[in-house]
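Chemist: Here's a structure for you.
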Amino acid sequence: MLGFVENHLGSNQVSRVVYGAIIGLALVVALESHPPPPGAVIASLLGTGVAVALAEVYSETLGMEVRSHRRVEGARRRAIWTDTIAVVFGVTFPAVFFVLAAAGATDTDTAFELAKWSGLGLIAFYGFCAARLSGAGLAAATVKAVAAALIGAFLIALKAIVH
C-alpha cells in the first residue's frame with residue numbers, strides 16, 4: 001500500500017485529484033445553501049465528474065492533435081484517460097458522504113459538513129505532500145498546506161458571506 005501511495009504522490013494524478021477536489025468542493029458549497037436530497041447531490045457530483053472528464057479528454061486530445069498535427073494514440077491516450085480518472089475521483093469523492101446520508105447513517109447537514117471539510121483536508125494534504133516531496137522542511141510544508149487549504153476555505157467563506 002505504501003508503494004502505491006508513493007507512486008501516486010509522484011505522479012501527474014496529484015494535480016488532477018486536487019483540481020477535481022476543488023470542483024467537487026465548489027459544487028458541494030453551492031448546493032448547500034438550498035440542499036437537495038442526498039440522491040440529487042450524488043447525481044450532481046457524478047454528473048459533474050462525467051462532464052469534467054469528457055471536457056478533459058476532449059480538450060487534451062484536441063490540444064495534442066493541434067500541436068502535433070496527428071491523432072493521439074496508444075500510450076498518450078491512456079495517459080490522458082488516467083489523468084482524467086484522477087480528476088473524476090477528486091470531483092466525486094464527496095458523494096461518499098451523501099451515500100451515507102441516503103442510507104440513513106447520517107443526516108444531510110452532516111454529509112455537507114463532512115464533504116466540505118474532507119475536501120479542504122484533501123487539498124491541504126496534497127499541498128503538504130507536494131512540499132515534502134520537493135524537499136521542503138516540515139514548517140515550509142505546513143505553510144504550503146495551509147496556502148493550498150486557503151483555496152477551499154475561500155469557497156466556504158464566500159458561501160457563508162453570500163448566504
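The values are calculated or read from the model by the stated rules, or taken from the named source; none is laboratory data. Predicted, not measured: the structure shown is a model, and the values here were computed from it. In this analysis, Cβ positions are derived from the backbone assuming ideal geometry, glycine residues included, and neighbour counts consider all displayed protein chains.
Chemist: I need a count of the residues in the stretch 131-161 that are out of contact with any Ser or Thr (no Cβ under 7 Å at 6 or more places or on another chain), touching a residue at least 40 places away in the same chain (Cβ under 8 Å) and closer than 23 Å to VAL28 by Cβ.
Modeler: 6
Chemist: Something else: Select from the stretch 125-136 the residues that are part of a helix (DSSP H, G or I) and over 12 Å from VAL17 (Cα atoms) and list them in ascending order.
Modeler: PHE128, CYS129, ALA130, ALA131, ARG132, LEU133, listed by residue number.
Chemist: Moving to a separate point now. I'm checking my understanding of the structure. Among residues of the stretch 109-130 that are free of Cβ contacts under 8 Å to residues at least 40 places away in the same chain and closer than 30 Å to PRO36 by Cα, which one is surrounded by the most Cβ atoms within 10 Å (Cβ to Cβ)?
Modeler: Top of the filtered list is ALA124.
Chemist: Can you tell me which residue within the stretch 72-95, out of those that are of a type in the set (A, V, I, L, M) and exposed (fewer than 15 other Cβ atoms within 10 Å of the Cβ), is nearest to GLN13 (Cα to Cα)?
Modeler: ALA79
Chemist: If you don't mind, another one. Which members of the stretch 131-146 meet the condition of being surrounded by fewer than 19 Cβ atoms within 10 Å (Cβ to Cβ) and of a type in the set (Gly, Ala, Ser)?
Modeler: SER134, GLY135, ALA136, GLY137, ALA139, ALA140
Chemist: Continuing with the same structure: Have a look at THR106, THR48, THR92 and point out the one that is at pLDDT 95 or above and in contact with a Phe, Trp or Tyr (Cβ under 8 Å, 6 or more places away or on another chain).
Modeler: The match here is THR106.
Chemist: Can you tell me which residue among LEU133, LEU114 is over 17 Å from VAL87 (Cα atoms), touching a Leu at 6+ places or on another chain (Cβ under 7 Å) and of a type outside the set (Gly, Ala, Ser)?
Modeler: LEU133
To keep it simple, each residue is scored yes or no on (1) under 12 Å from ARG16 (Cβ atoms); (2) free of Cβ contacts under 8 Å to residues at least 24 places away in the same chain; (3) of a type outside the set (Val, Ile, Thr).
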residue: THR48; (1), (2), (3): no, no, no
residue: LEU54; (1), (2), (3): no, yes, yes
residue: THR61; (1), (2), (3): no, yes, no
residue: MET64; (1), (2), (3): no, yes, yes
residue: HIS69; (1), (2), (3): no, yes, yes
residue: GLU73; (1), (2), (3): no, yes, yes
residue: THR82; (1), (2), (3): yes, no, no
residue: ALA86; (1), (2), (3): yes, no, yes
residue: GLY90; (1), (2), (3): yes, no, yes
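Chemist: Just one of GLY104, GLY152 is surrounded by fewer than 17 Cβ atoms within 10 Å (Cβ to Cβ) and either among the acidic types (Asp, Glu) or under 23 Å from VAL41 (Cβ atoms) (or both); which is it?
Modeler: One residue alone meets the criteria, GLY104.
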